[in-house]
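Worksheet for the structure shown next.
The values are calculated or read from the model by the stated rules, or taken from the named source; none is laboratory data. Here the structure is a predicted model, which is why all the values come from computation and not from measurement. FYI the Cβ positions are ideal-geometry reconstructions off the backbone, even for glycines, and counts take in every protein chain you see. Calculation scope for accessible area: heavy atoms of the full protein, side chains included, ligands and nucleic acids excluded. Shrake-Rupley method; radii C 1.70, N 1.55, O 1.52, S 1.80 Å.
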Amino acid sequence: MPQPAAVGRDERTVLFLLERATAYLAERGAASPRLDAELLLASALGVDRLALYLRFDARPPTDKVDRFRELLRRRGEGMPVAYLTGKREFWSLEFEVTTDVLIPRPETETLVETALAIWPPGSGQAGWFVDVGTGCGNLAIALAREWPLARFVAVDRSAAALGVALRNAAKHGVGERVFFLCGDWLSAFARRPLFVGMISNPPYIGAADFASLPAEVEREPRAALDGGADGLHFFRALATGASCLVREGGWLLAEVGAGQAQAVRSIWEEAGFRDIQVRRDLGGMDRVVVGRRR
Ligand SMILES: C[S@@+](CC[C@H](N)C(=O)[O-])C[C@H]1O[C@@H](n2cnc3c(N)ncnc32)[C@H](O)[C@@H]1O
């Protein structure tokens, strides 16, 4: 780590540790070095991040400082903060994450917002929904909390991811309404229109785009990212699946990657979906496509 700028200061205080760690991570190209340093120090000390601000002058015990240094070293090597702390916030809920799951992204909240615009919370929305490629369960769990009468099937091919999702559902009190299924996409379902809605943040990185992914994203499971040669494989699979499994008048909603919205719109139109709309995320990017089953 770089040497302290100020001479004569107590080098063991929370504030000093944070300042030095921030400089260390900035040198290694972290995009948000101060925030990362705070999250890692809070994790090492077993406290809330904001609690650090109340104890800038405290001198943490050596074992916790050692733990912090180890986390910092791994962060400096490019390991995402969420994998180091084992948690990530999504829809104001804290989710457990491990290297078996994609780290939930803020832009994926657009999918939750879109679903809530179709089925407003408090409207007593009942019925069955399916979340395809659930990962840590963030989408199904966030929506189950908003719709206390709804039930979900949350599918993933990764048994390890489903283990994480199961714990998250229990933690957020929706374990009795979210049912997890390990399977290859929608192949386990009988071809009956069981669902009111199908929701998915599918893998959508195309083969050509893998080379330009940020190094941190390469730490995430390949199966959570790989959308086939053109990145659109799972949008076709969603259209095929929803045509059989979503009720007439029900909705299909999916997150899309940069520049994919119009291609997804065409695929779904060809598959017979109507009322297709594209919604933008807070950054102004086309992020979610929705379509209605005829
Ligand atoms: C982009 S991640 C989405 C995770 C989570 N829903 C989210 O929004 O953060 C896609 C998920 O699809 C799963 N997946 C990939 N291929 C699959 C398949 N053939 N069948 C079922 N799940 C699959 C991956 O394991 C991964 O958890």
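Quick check: residue separation of VAL217 and LEU149 times 0.36 nm, minus the Cα distance between them. What number comes out in nm? Present the calculation step by step, with values, prior to reporting the outcome.
Values: separation 68, 0.36 × 68 = 24.48 nm, distance 3.57 nm.
This chain segment gains 20.9 nm when fully extended.
Using the Karplus curve 6.51 cos²θ - 1.76 cosθ + 1.60 with θ = phi - 60°, what ³J(HN,Hα) values do you get for each residue of segment 14-30, in whole Hz, with x for Gly and Pro?
4, 4, 5, 4, 5, 5, 5, 5, 4, 5, 4, 6, 4, 4, 8, x, 5
If you roll a 1.4 angstrom probe over the protein chains with everything in place, what fraction of the accessible area of the chain belongs to carbon and sulfur, to the nearest %? Show your work: numbers first, answer last.
Details: 6940 of 13810 Å².
With neighbouring chains kept in place, the figure for the chain is 50 percent.
Label segment 115-248 by shape, choosing from rounded, prolate and oblate, from the square roots a ≥ b ≥ c of the eigenvalues of the Cα gyration tensor; if a/c is under 1.5 it is rounded, and otherwise prolate applies when a/b is larger than b/c, oblate when it is not.
Values: a/c = 1.89, a/b = 1.42, b/c = 1.33.
Prolate, because a/c is 1.5 or more and a/b exceeds b/c.
Which value, in Å³ per residue, describes the convex hull spanned by the Cα atoms of segment 40-88? Intermediate results must be reported in sequence, preceding the final value.
Working: hull volume 3.5 nm³, N = 49.
Taking the convex hull of the Cα positions in segment 40-88, it is 71 Å³ per residue.
Would you mind computing, in nm to one decimal, how far apart the modelled labels at ALA207 and ARG34 are, each placed 7 Å from Cα along Cα→Cβ?
4.5 nm
Restricting to DSSP loop positions (anything but H, G, I, E, B) with no more than 15 other Cβ atoms inside 10 Å of their own Cβ, which trypsin sites (Lys or Arg not before Pro) remain in segment 55-103? Mind showing how you got there, number by number?
Details: sites: ARG55, LYS64, ARG67, ARG69, ARG73, ARG74, ARG75, LYS87, ARG88; in loops: ARG55.
Those that pass, being in a loop and sparsely packed, are ARG55.
Report Rg (one decimal) and Dmax (nearest whole number) for the chain, counting Cα atoms only, units Å.
21.4, 73
Cα extents of segment 62-187 along the three principal axes, largest first, in whole Å?
Extents along the principal axes: 52, 31, 24 Å.
With the other protein chains left in place, how much accessible area per residue, in square angstrom, belongs to segment 219-261 at a 1.4 angstrom probe?
Numbers: 1620 Å² over 43 residues.
Roughly 38 Å² per residue, with all protein chains present.
With θ taken as phi - 60° and the coefficients 6.51, -1.76 and 1.60, list the Karplus ³J(HN,Hα) couplings across segment 37-52 in order, rounded to whole Hz; mark glycine and proline as x.
4, 5, 5, 6, 5, 4, 5, 5, 8, x, 10, 6, 4, 5, 5, 4
Rounded, prolate or oblate for segment 159-227? Axes are the square roots of the Cα gyration tensor eigenvalues, ordered a ≥ b ≥ c, and the cut-off for rounded is a/c under 1.5. Don't jump to the answer; show the numbers that get you there.
Values: a/c = 2.65, a/b = 1.49, b/c = 1.78.
Note, shape of segment 159-227 comes out oblate.
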